[in-house]
1. Taking the Cα of residue 49, stepping 7 Å toward and past its beta carbon, and measuring to each backbone N in segment 296-322: which are under 20 Å?
2. From zero outward in steps of 5 Å, how is the percent of C-alpha pairs of segment 1-62 spread across the bins?
3. Which percent of Cα pairs goes in each bin when the distances of segment 26-102 are cut into 5 angstrom slices starting at zero?
4. Counting alpha carbon pairs within less than 8 Å and at least 6 residues apart, what relative contact order, in whole percent, applies to segment 130-245?
5. So for segment 53-194, what are the equivalent ellipsoid semi-axes in whole Å, largest first, each being the square root of 5 times an eigenvalue of the Cα gyration tensor?
6. At 0.692 mPa s and 37 °C, plugging the Kirkwood radius over alpha-carbon pairs of segment 214-263 into Stokes-Einstein gives what diffusion coefficient in µm²/s?
7. Taking 0.36 nm per residue of sequence separation and subtracting the Cα-Cα distance, how much length would be gained by fully extending the chain between residue 268 and residue 207, in nm to one decimal?
8. Which percent, nearest 5, of DSSP beta bridges in segment 153-256 are antiparallel?
Ligand code: GDD
């Protein structure tokens, strides 16, 4: 029997890789998209253009319980991947209220509507290493205490707790992935990796000269999004639901990311990067590095990309895009 999956946040980086992955496995894939996005398909669906015809898209908003209820009352799903969120940490400092509202209520609405209409549907929650925040230990695993350092991190801890509570209170199959940073050529431009690689390409093409960044000493465990969406599905096809850290176990500073990205384009990062206080955060998460041994052991998951391959793929894609734009101009 064909399995049917629903993805919230399907137009985002992870949603697009997950949709491709599930289609490749023979799933029928549905997605929830806000009505405003449907009005601007060229821009909003750019990550999905190559598979759009094979997807079923439903207009709904995570801010409206009624709209989610309506979808679950009309369509049955085997698996639900809840990826939609306000996911930019810096923005959550600028507008904590809307990040908390959207992220916490959105998750609660999804869980409540499923419980009411489809308690047998398996649910995945996109937890985050931001939940560890001011880290209690290094590396971080499923037992590490949470200490979030931003409204975004707080909203993810609440979503994680809600998901676990629906599992424990109602016996639903609810799993959370605690995913460390994952990047790709489809990453949004506001995140540091894509900000770096897209600016590297513009500098190489002579369209820019400098790159302004905040904390160069922040360390992250950066993996590739295409690897991480495989782990999401593996969590939902187990006999029992549980929570898993997904990470590479390696760690690099923002400075090291710059060095590699500029060098890939034949540039010297020190000539172009400027530190700008505006990009510092009120509270920083300095050292995230994950211990994903449980996922490797129980899910049989492991990443295929290493750090260097990730950076190179992102730089190469941005170089191609900028050179293509220049030719067209
Ligand atoms: N965005 C950005 N812009 N970050 C910068 C900059 C800059 O100019 N300069 C330094 N940084 C530092 C940030 O201070 C942070 O320590 C690090 O680069 C990574 O920032 P982001 O790429 O914005 O990602 P994030 O780690 O805050 O959050 C991402 O990963 C989480 C998983 O840990 C997001 O994808 C979250 O949604 C995700 O949950």
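Rule-based calculations on the coordinates, nothing more; no lab input. As the structure is a prediction and not an experimental result, all values here were calculated from the model. Neighbour counts run over all protein chains shown; Cβ positions are idealised from the backbone, glycine included.
1. 314-322
2. The calculated distribution, bin by bin, is 4, 20, 34, 26, 11, 4, 1.
3. Taking all Cα pairs of segment 26-102, the binned fractions are 3, 12, 20, 22, 21, 14, 6, 2, 0 percent.
4. 27
5. Sorted largest first and rounded, they come to 26, 19, 15 Å.
6. Estimated diffusion coefficient is 252 µm²/s.
7. 20.3 nm
8. Just about 25 percent of them are antiparallel.
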